[in-house]
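I have placed the structure first, in the form of structure tokens, so that the comments after it can refer back to it.
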Amino acid sequence: MSLLISGQLARRSEFKLDVALDIPSSGVTAIVGSSGSGKSTLLRCIAGLEGRGSMTVALDGEIWQDASNFVPAHSRALSLVLQEGALFPHLSVHRNLLYPRTRRRGFCLTPEQVIARFGLTPLLQHKPSELSGGQRQRVALARALLAPARLWLLDEPLSALDGPARRALAPELGLLCRDLGLPVIYVTHTLSEVLQIADHMVVLDRGSVLSQGSPAEVSIGLSHALSEDIDLGGILACRFHAFDPSHNLSEVRVGTTAMWIRGDLSSLGINLRVQIPADAISLSLHRQEQISVLNQLPCTIRTIGQPDSGSVLVNLDCEGQTLQARITVLSQERLALATGQRVYALIKTIALTTRETRDDVAAQ
């Protein structure tokens, strides 16, 4: 079963959304793209906020709209969180959270669960005007997850939070989304959130689908960075090995190769994903001894892409998995790189982002 979205939606600004998607109706699907790529427009089409157009939307065989049918937004069994949060200003936080109870029956999570997980207890009697932007967004997100639905639509729900708050809340949100056991569509332009939350990924570019699949599959197929925030490079499955508290570093293993990541990852479980941007990888013909870079992964060059603006994308085999390094054409020429050549991928620990994988998926 799945969420089907297909068709076109044109705007007077000459922007046109043209998609054909079959999204799994379980787990978390991230919609990723640079500003203006059509992420929020796609979400509004699913929610029934963009009118008929020529779009078809169907969830698990139930048609929400097509050429002859249109189910209005309020009749679609979904819960939507927009970037602005949109809380009721005259209600307290607690009454905002309980509002879905007045509209629908049955909860997937109890108010107590959500209040505790989002740290909202001290805010329950406050009005939205008394909250910071980040606090309002947390309340809006918690309220959406309390609303009974068959589909949750989250449009950059962590955008109002600062960096540390986002990094702390993203893993918790990921766990909550998986606890729901129902489809979640998550729009963002921040790759670290995708890695921590998504099971499936759709990349939009100028209104069209550029790529879709698992984060690892998409990372292999995406040959260039969409923006400064979206440069997949490669996602490696690895296993947690040990934490070194004296240096605040965790050791993980990619196959038999050790890699060091900053911080204590012991609470994330054994199986992890490590995302490495293509621009964060340097290549060397030999292992370097007198260098500050800790991570030096032995690899074999699979392919070398065509030059683009003075750089090339080098596709690497690392213990049977795929990494991508973006280097200058000059570096390629100086190293005389060629397909089948053995090299070392040099990666600073600060460049790495991790995510726990599902318990039933073993790291390769």
Exercise for the section: Output the number of residues of the range 272-311 satisfying the condition of being polar (S, T, N, Q) and out of contact with any strand residue (DSSP E or B) (no Cβ under 6 Å at 6 or more places or on another chain). Expected result: 5
Problem - Residues satisfying the stated conditions in the range 84-110, i.e. modelled with pLDDT of 85 or more and open to solvent by less than 20 Å² (accessible area, probe 1.4 Å) - result: Leu91, Ser92, Val93, Asn96, Leu97
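Residue-wise test of (1) open to solvent by less than 30 Å² (accessible area, probe 1.4 Å); (2) at pLDDT below 70; (3) outside any loop (DSSP other than H, G, I, E, B).
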| position | (1), (2), (3) |
| --- | --- |
| Ala140 | yes, no, yes |
| Trp152 | yes, no, yes |
| Ala165 | no, no, yes |
| Leu169 | yes, no, yes |
| Leu173 | yes, no, yes |
| Glu193 | yes, yes, yes |
| Ser211 | yes, no, yes |
| Val218 | yes, no, yes |
| Ser223 | no, yes, no |
Exercise for the section: Kindly indicate whether Leu17 is modelled with pLDDT of 90 or more, out of contact with any Phe, Trp or Tyr (no Cβ under 9 Å at 6 or more places or on another chain) and buried (at least 19 other Cβ atoms within 10 Å of the Cβ). Expected result: yes
Practice task
Could you tell me whether the range 62-80 includes any residue that is crowded, with 19+ Cβ neighbours inside 10 Å, at pLDDT 85 or above and among the β-branched types (Val, Ile, Thr)?
Solution key: no
Handout entry: Number of positions in the range 312-344 that are small (Gly, Ala, Ser), closer than 25 Å to Leu236 by Cα and surrounded by fewer than 18 Cβ atoms within 10 Å (Cβ to Cβ)
Key = 4
Exercise for the section: Working only within the range 121-134, note down all residues that are open to solvent by less than 50 Å² (accessible area, probe 1.4 Å) and either outside any loop (DSSP other than H, G, I, E, B) or in contact (Cβ under 8 Å) with a residue 40 or more places away in the chain (or both). Expected result: Leu123, Pro128, Gly133, Gly134
Exercise for the section: Would you please name the residue that is most open to solvent (accessible area, probe 1.4 Å), looking only at residues in the range 271-290 that are more than 24 Å from Pro245 (Cα to Cα) and assigned to a strand (DSSP E or B)? Expected result: Ser282
Problem - Hits in the range 24-33 (condition: over 17 Å from Val57 (Cβ atoms) and open to solvent by 20 Å² or more (accessible area, probe 1.4 Å)) - result: Ser26
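One line per residue, one yes/no per condition, for (1) under 20 Å from Ala198 (Cα atoms); (2) touching a Pro at 6+ places or on another chain (Cβ under 8 Å); (3) open to solvent by 40 Å² or more (accessible area, probe 1.4 Å):
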position: Ala10; (1), (2), (3): no, no, yes
position: Asp22; (1), (2), (3): yes, no, yes
position: Ser35; (1), (2), (3): yes, no, yes
position: Cys45; (1), (2), (3): no, no, no
position: Gly51; (1), (2), (3): no, no, no
Exercise for the section: Search the range 62-91 for residues that are within 26 Å of Leu158 (Cα to Cα) and pair each with any residue that is loosely packed, with under 12 Cβ neighbours inside 10 Å when their beta-carbon atoms are under 8 Å apart and the residues are at least 6 apart or on different chains. Expected result: Pro89/Ser129
Exercise for the section: Among residues belonging to the range 257-295 that are modelled with pLDDT of 90 or more and β-branched (Val, Ile, Thr), point out the one that is nearest to Ala237 (Cα to Cα). Expected result: Thr257
Exercise for the section: Determine, yes or no, whether Pro148 is at pLDDT 85 or above, more than 21 Å from the chain's Cα centre (by Cα) and surrounded by fewer than 17 Cβ atoms within 10 Å (Cβ to Cβ). Expected result: no
Exercise for the section: Output yes when any residue across the range 252-270 is within 21 Å of the chain's Cα centre (by Cα), crowded, with 21+ Cβ neighbours inside 10 Å, of a type in the set (Val, Ile, Thr) and assigned to a strand (DSSP E or B), and no when none is. Expected result: yes
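The values are calculated or read from the model by the stated rules, or taken from the named source; none is laboratory data. Being a predicted model, the structure only gives us computed values, none of them experimental. FYI the Cβ positions are ideal-geometry reconstructions off the backbone, even for glycines, and counts take in every protein chain you see. In case anyone asks, the SASA skips ligands and DNA or RNA and just uses the protein heavy atoms, side chains included. Shrake-Rupley method; radii C 1.70, N 1.55, O 1.52, S 1.80 Å.
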